[in-house]
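The values are calculated or read from the model by the stated rules, or taken from the named source; none is laboratory data. All of these numbers come straight from a predicted model, not from anything done at the bench. So basically every Cβ, Gly included, is an ideal-geometry build from the backbone, and we count neighbours across all protein chains shown.
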């Protein structure tokens, strides 16, 4: 029998615009296979409450855009012969001020539990012992309304972090397996930022440097490739990569400069894939912390696509279209400024953080990130699965 589970929950925080131009500078017990419905409203963690923004910043005069989508996420795990236990952790859409999940359900032939990982993300979990089916199929269904995230940033309204704030935010200053902070990174961050102490101005310097020194691989796929894991070192050495590589490098530089940073994994819903049965993949972006503002978003990888002229070819056209929110139409400096502090209304978050520890705990080391799913077979990480995220826009602008 198929079990159907329903939820809405999870909180988020942040605020998000800066210069007129770039030159200016828990868990639920296992359930029987029956239909269950429940609703959870989450409160903020005490830590985040203690460092919440002290004042909301006025948004641009134009109202924030909104768009609504009906979304389906199909996950299929191929069961290997002889498997004794298959454990699956899969992300669910996180409820935030910019991502209103109005309904959520999961189709599964097995009971589903919901827990929180070590970064506080809500995660679905299925444990199948002695599996006798060829595949384990999981399908998420949800309706959501996404809101543009925008804020006019005024560097004069923030200040350097206090020692107490730095202590409270310590986890956002720590490197992870692929987001490294070593002497080379520290030296480079110092070279870029200099003596700037203002976190917004310092972050903008790092943002502009990354734009100027790294190229998104989809622009030249014949000679550039992304890493497999999202790596600071890979991005720094190759001067290329995907969104995770870009933001790993930015995170390393920001943390080396003492700016708390966290990486958000989600999906960007492009108009070109509206109603198309093709996996929409995932996308990631950054949030950095500045006193009086809280968490400020940026997307240096998308800004990079608009930061220069490059030819659209048979090799890169589809890749570029499926990378951006509304397509590439040449150099657009307004996009460069926009993506420092602002995010469009076509994205939602699956999870935050790197080197995740699941609940119940996984056995094969930290989970690098959770934008798709994580599977272990008999205690070992397993990659024999597929994901297909599709959607239909139900309201809002389509471009």
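With surrounded by fewer than 24 Cβ atoms within 10 Å (Cβ to Cβ) and in contact with a helix residue (DSSP H, G or I) (Cβ under 9 Å, 6 or more places away or on another chain) as the only criterion, which of 246, 310 stands out? Walk me through how you get there before you give the answer.
Details: 246 fails: surrounded by fewer than 24 Cβ atoms within 10 Å (Cβ to Cβ).
Of the residues listed, the single one that is surrounded by fewer than 24 Cβ atoms within 10 Å (Cβ to Cβ) and in contact with a helix residue (DSSP H, G or I) (Cβ under 9 Å, 6 or more places away or on another chain) is 310.
Mind listing whichever residues of the range 87-137 are assigned to a loop (DSSP other than H, G, I, E, B) and more than 30 Å from residue 172 (Cβ to Cβ)? It would help to see each step written out before you state the result.
First, the residues of the range 87-137 that are assigned to a loop (DSSP other than H, G, I, E, B): 92-95, 97-98, 109-112, 117-121, 130-134.
Within the range 87-137, 109, 110, 111, 112, 130, 131, 132, 133, 134 meet the criteria.
Could you list, in sequence order, the residues of the range 168-185 that are under 15 Å from residue 354 (Cα atoms) and part of a loop (DSSP other than H, G, I, E, B)? Give the steps one after another, and end with the answer.
Residues of the range 168-185 under 15 Å from residue 354 (Cα atoms): 170-181.
Selection gives 174, 175, 176, 177, 178, 179, 180, 181.
Mind telling me which of the residues 183, 208 ends up being at pLDDT 95 or above, over 26 Å from the mean Cα position of the chain (by Cα) and in the same structural domain as residue 308 (by TED's automatic domain parsing)? Spell out how you get there, then give the answer.
Working: 208 fails: over 26 Å from the mean Cα position of the chain (by Cα).
None of the others qualify; the one that does is 183.
Which is more than 19 Å from residue 285 (Cα to Cα) and in contact with a helix residue (DSSP H, G or I) (Cβ under 8 Å, 6 or more places away or on another chain), of 158, 167, 162?
Details: 167 fails: in contact with a helix residue (DSSP H, G or I) (Cβ under 8 Å, 6 or more places away or on another chain); 162 fails: in contact with a helix residue (DSSP H, G or I) (Cβ under 8 Å, 6 or more places away or on another chain).
Checking each option against the conditions leaves just 158.
Table: residues versus (1) more than 24 Å from residue 278 (Cα to Cα); (2) at pLDDT 95 or above.
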site: 72; (1), (2): no, yes
site: 89; (1), (2): no, yes
site: 103; (1), (2): no, no
site: 120; (1), (2): yes, yes
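Any residue at all in the range 356-366 that's touching a helix residue (DSSP H, G or I) at 6+ places or on another chain (Cβ under 9 Å) and in a loop (DSSP other than H, G, I, E, B)? It would help to see each step written out before you state the result.
From the range 356-366, those touching a helix residue (DSSP H, G or I) at 6+ places or on another chain (Cβ under 9 Å) are none; that's our starting set.
So far as the range 356-366 goes, no, none of its residues is touching a helix residue (DSSP H, G or I) at 6+ places or on another chain (Cβ under 9 Å) and in a loop (DSSP other than H, G, I, E, B).
Within the range 75-86, how many residues are assigned to a strand (DSSP E or B) and either within 21 Å of the chain's Cα centre (by Cα) or over 25 Å from residue 368 (Cβ atoms) (or both)?
To start, the set of residues in the range 75-86 that are assigned to a strand (DSSP E or B) comprises 75-78, 85-86.
If we keep only those that are either within 21 Å of the chain's Cα centre (by Cα) or over 25 Å from residue 368 (Cβ atoms) (or both) as well, we get 75.
Counting residues in the range 75-86 that are assigned to a strand (DSSP E or B) and either within 21 Å of the chain's Cα centre (by Cα) or over 25 Å from residue 368 (Cβ atoms) (or both) gives 1.
Enumerate the pairs (first residue in the range 144-162 and under 9 Å from residue 200 (Cβ atoms); second residue anywhere and surrounded by fewer than 20 Cβ atoms within 10 Å (Cβ to Cβ) and at pLDDT 95 or above) with beta-carbon separation below 6 Å, excluding pairs fewer than 6 apart on the same chain, so at least 6 apart or on different chains.
155/198; 155/201; 157/292; 158/291; 158/292
Could you say which residue among 390, 326, 372, 386 is in the same structural domain as residue 127 (by TED's automatic domain parsing), within 25 Å of residue 98 (Cβ to Cβ) and either at pLDDT below 95 or not in a loop (DSSP other than H, G, I, E, B) (or both)? Reasoning before the result, please.
Working: 326 fails: in the same structural domain as residue 127 (by TED's automatic domain parsing); 372 fails: either at pLDDT below 95 or not in a loop (DSSP other than H, G, I, E, B) (or both); 386 fails: within 25 Å of residue 98 (Cβ to Cβ).
Being in the same structural domain as residue 127 (by TED's automatic domain parsing), within 25 Å of residue 98 (Cβ to Cβ) and either at pLDDT below 95 or not in a loop (DSSP other than H, G, I, E, B) (or both) holds for just one of 390, 326, 372, 386, which is 390.
Tell me yes or no: at least one residue of the range 338-346 is in contact with a strand residue (DSSP E or B) (Cβ under 6 Å, 6 or more places away or on another chain), part of a strand (DSSP E or B) and not assigned by TED's automatic domain parsing to the domain that holds residue 73.
Yes, there is a match, as at least one residue in the range 338-346 is in contact with a strand residue (DSSP E or B) (Cβ under 6 Å, 6 or more places away or on another chain), part of a strand (DSSP E or B) and not assigned by TED's automatic domain parsing to the domain that holds residue 73.
I'm trying to understand the selection: among the residues of the range 142-167, which are more than 24 Å from residue 353 (Cα to Cα) and assigned to a strand (DSSP E or B)?
Listed by number, the list holds a single entry, 143.
Quick check on the range 288-303. Is at least one of its residues surrounded by fewer than 24 Cβ atoms within 10 Å (Cβ to Cβ) and either modelled with pLDDT under 95 or not assigned by TED's automatic domain parsing to the domain that holds residue 160 (or both)? Even if it seems obvious, please write down each step before you answer.
Restricting attention to the range 288-303, the residues satisfying the condition of being surrounded by fewer than 24 Cβ atoms within 10 Å (Cβ to Cβ) are 291-292, 294, 297.
Narrowing further to those that are either modelled with pLDDT under 95 or not assigned by TED's automatic domain parsing to the domain that holds residue 160 (or both): none.
Checked against the condition, which is being surrounded by fewer than 24 Cβ atoms within 10 Å (Cβ to Cβ) and either modelled with pLDDT under 95 or not assigned by TED's automatic domain parsing to the domain that holds residue 160 (or both), the range 288-303 yields no hits at all.
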